[in-house]
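Values in this text are rule-based calculations from the coordinates and carry no lab data. Just so we're clear, the structure is a prediction, and the values are computed from it rather than from any experiment. Virtual Cβ from ideal backbone geometry, glycine too; neighbours counted across all protein chains shown.
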Amino acid sequence: MAVTAMDVYRLLPKTNCAKCGEASCMAFATKLSEKETDLELCTQLSANEADKLADVLAPAVREIMIGKGNKAMMVGGDEVLYRYELTYYNPTPLVIDISDDMDPAEFEERVKKIEGTEFERTGELLTLDAIALRNKSGDVSKFKEAAEKLKSSKLALVLCSFDPEAMKAALEAVGDERPLIYGATENNIEEMAALALEYNCPIALFVPNDLEKMKELSRILRTKGIKDIILDPGTFVNDGIGDTLDNFVMMRRLAVEERDDDFRFPILGVPAIAWLDNGEDDINTAIKEATIAATLMDKYADMMIIHGTEIWELIPVLTLRQSVYTDPRKPQAVDPGLYEFGEINEDSPVALTTNFALTYYTVEGDLKAGKANGYLLVLDTEGRAVDVSVAGSQFNGKAVADLIKETGIEDKVKTRKMVIPGLGAPVSGEIEDESGWEILVGPRDSSALADFLREKM
Amino acid sequence: EEFSPPIHEYPGSVAEVQLGAGSRKPVFLGGQNALYRFEEPQPNPPVVTFDVFDIPMPGLPKPIREHFEDVMEHPGDWAKKAVKDFGANMVTIHLIGTGPKVMDKTPQQAAADIEEVLQAVDVPLVIGGSGDPQKDPIVLEAAAAAAEDERCLLASANMDLDYKKVAKAAVDYNHAVLSWAITDINMQKTLNKYLMKEGLTQNDIVMDPTTCALGYGIEFSIDVITRTRLAALKGDTDLQMPMSSGTTNAWGSREAWMKKEEWGPTEYRGPIWEIVTGLTMMLCGVDIFMMLHPQSVKMLREIGETFTK
Ligand code: B12
Ligand code: SF4
């Protein structure tokens, strides 16, 4: 279970000196337990006490950095089994594979595609996170050469080979950039562990469908003093997906509930396996890969290697990631107030929406795409969608009248006419009564709003 | 130290609900004593019920329409195609046409549609109203009478309508009831209690805690459904019923239906949107899925079946 404020408080100096910026040790303890401040800010701790606290505060799942500098990405860090208990940390990086036997032009094109993939949703740019270089050729120098080429990529790197020779060669090229070594197996663990120590890189442990062995090998790495370990219990598709899921869930339970130190590491899933021996066409395989990715995203994958790069396959996975990793403690909201679009003047039309992030950004996107000119009033519904806030009555006449006053829109436009969302129709009369403005009920979906503003206002 | 699988003991269990009796092949929902199959084999695989409508549904997205264009005039043919060609375990007949603002079909006409579908297929049925709180209870009552002893699932009872009438129709004609609350566990508990006061038991109720689609609040559904299932296993007798997902809500998302060059073809986006929505609900504990697209149904069933192996 996640650490409580009380657990932390017990280990603080309890002087309430306020040097940490909080009013009291208890307040600081609360923030620490919620990961909203840094332990270093308390200057009153001895090194020993600080270590003890750091240990108590260490997340159930170790947080690991792959890559360095502006290529760095964080993996793991979770505290709970269910997101509602706190929140999940470090959205699962999506790593796209590339092989060292591709011809140079193809190789370059794939890197560009991976780096350039993006999808905007609720004001957030969703992108891919890293590149996994596979030693598909089996050739040592080819692997090294390909790794060399990826130095210029802006993304973090995973080096995939079970051959310690090839791994060593690639690390000679890019070992100073903290790539993930993927990986150690029962057969090569000594050599791979030595490389991880030599280059100070994180290492992935691949032990397919055998958690007992996984525990044993994880213990071996830990005994050698290796701290940054990622666990891959194998991803199995078709009938094997049930086993995969069992392994992921068991590992996460052992980490969170039993605090089993051999399992307190991020889990790696490899939906790309769907592409091996695929008898099906590419489209079905891509759909299958997305399905597996979603399954593992839902149940504890902290990092995933994917092969498909079609945007229609990635959008659902990126969206699921964004959803699962939103912080349930915070409303998904934008600032309420007055927003301007395009060219505006005192004759510009006025529309109204709510401050739920999804609602606002959808409307914003539609207004921009439709090249609309006008004002948008954004009502504080505590981050609720239109119909939700109508049902919960945060969207009401008085609130809209107040918004009109607060924003000073009446000094900016001559009109006293406003479009509201179609779903706001039930409160249109109320708004007219409270504000004295004329209310026009607009279309239900904001994709029709830009045209509506042009034609009806 | 030795490895031992982290298996929990659960004081409670999920009730088993039978759908289909009489001339229907029965299907069983729920019955779990544990959360995962590594703790205890899961008794029943997830069930998919295919959406069918009593009218040719003008708003259906193209990727779905193209599979059913030839049968949309007749709910019986539509149901038959869903079962024969696409392997539906069950069929949901939505009596959308009874909506006062749609076609205002009478309860008698609704009953006739139900008879047509009962004749056409031998799988269990979910019977849905139009969503009109005044009309649904009387429509469902007439439909329940027409399907007496066939153990259909009446969809739905909720706080906004005369749920007593729906519950009574289920008790009188031997059906189960879908108890629908909007992402609110307390509301769900209260409604279930009320329904049980009307004579229904845990074995006659399926819950719909509401499926918010992928990207449209799926995280709220994840939390509510997970907590509901955990409550059941912990022994909360008001929440021990199997759960249902209106997975078709996925098609309301822009990413599923909106044409947009940069997002790739809707032909694939739509089905994946439905799969990911349903799958996520399945991983939180949902037992029965109301779905629209043949490919999504196939994928969800394939995965679902492996979870009970
Ligand atoms: C997710 C969700 C929730 C989440 C809240 C998410 C959030 N932050 O808002 C939670 C779980 C908390 C929730 C709670 C409730 N919900 Co709710 N919820 C939904 C759900 C599934 C999706 C809402 C959503 O995200 N829509 C997406 C956004 C982008 O849509 P939107 O804001 O409406 O914006 C669109 C349009 O309005 C339009 N638009 C927007 N701005 C503008 C501006 C102009 C000028 C124009 C022209 C157009 C326009 O374009 C946008 C894009 O299409 C809907 C069902 C559905 N619609 O699918 C039910 C739904 C809205 N909820 C409902 C209810 C009843 C409730 C509750 C009252 C239930 C309860 N037990 O308490 C509470 C109310 C809470 C409160 N307000 O205090 C009902 C409302 C029924 C009604 N109309 O009376 C719905 C419709 C479900 C249903 N079928 O019964 N809900
Ligand atoms: S700096 Fe340390 S001792 Fe001082 S109030 Fe903050 S937590 Fe307490």
**OP:** Starting with the fewest neighbours, write out B:M299, B:M281, A:M26 ranked by other beta-carbon atoms found within 10 Å of each beta-carbon.
**Re:** A:M26, B:M299, B:M281
Subject >> Of B:D85, B:D238, B:D122, the one that fluctuates the most in a GNM where chain B has Cα springs shorter than 10 Å >> reply: B:D85
**OP:** At a Cα cut-off below 16 Å, give the lysines reachable from A:K456, other chains included and same-chain residues fewer than 8 away excluded.
**Re:** A:K371, A:K417
Original post:
What size of dipole, in debye to the nearest 20, comes out for segment B:18-307 about its Cα centre when the only charges are +1 on Lys and Arg C-beta atoms and -1 on Asp and Glu C-beta atoms?
Top reply: 420 debye
Original post:
Using the per-residue mean of other Cβ atoms lying within 10 Å as a proxy for protection, in what order, highest first, do the peptides A:231-243, B:139-151, A:428-440 fall?
Top reply: B:139-151, A:231-243, A:428-440
Subject >> Dipole of segment B:84-235, positive direction: furthest Cα of B:A143, B:T98, B:T190, with charges on the beta-carbon >> reply: B:T190
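In percent, what relative contact order does segment A:63-324 have, based on Cα pairs under 8 Å that are 6 or more apart in sequence?
Once normalised by length, the contact order is 19 percent.
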Original post:
Sorted by average packing, counted as other Cβ atoms within 10 angstrom per residue and highest first, what order do A:267-276, A:142-151 take?
Top reply: A:267-276, A:142-151
Subject >> Number of Lys pairs (Cα under 17 Å; 8 or more positions apart or on different chains) in segment A:5-57 >> reply: 4
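Could you please rank B:T201, A:T381, placing first whichever residue has the fewest other Cβ atoms within 10 Å of its Cβ? Don't skip to the end; give the middle numbers.
Values: B:T201 13, A:T381 25.
Final ranking by Cβ density, sparse to dense: B:T201, A:T381.
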**OP:** Using only Cα atoms, locate the centre of segment A:153-226 and the centre of segment A:260-321, then give the distance between them in Å, rounded to an integer.
**Re:** 21 Å
Original post:
For chain A, what is the mean residue ellipticity at 222 nm derived from helices alone (per DSSP H run of n ≥ 4: -39500 (n - 2.57); sum divided by total residues; nearest 500 deg cm²/dmol)?
Top reply: -12000 deg cm²/dmol
Original post:
For segment B:108-260: lysine pairs with Cα atoms under 17 Å, gap of 8 or more or different chains, count?
Top reply: 12
Subject >> Span from the segment A:379-457 Cα centroid across to the segment B:41-71 one, whole angstrom >> reply: 37 Å
Original post:
Counting pairs of alpha carbon atoms under 8 Å apart in space and at least six apart in sequence, what relative contact order in percent does chain B give?
Top reply: 21 percent
**OP:** Name the shape class, rounded, prolate or oblate, that the alpha-carbon gyration tensor gives for segment A:153-279, where a ≥ b ≥ c are the square roots of its eigenvalues, rounded holds for a/c under 1.5, and otherwise prolate holds if a/b is larger than b/c and oblate otherwise.
**Re:** oblate
Subject >> Set of lysines near A:K142 by C-alpha distance (under 28 Å), chain-local residues within fewer than 8 positions excluded >> reply: A:K68, A:K71, A:K112, A:K113, A:K151, A:K154, A:K168
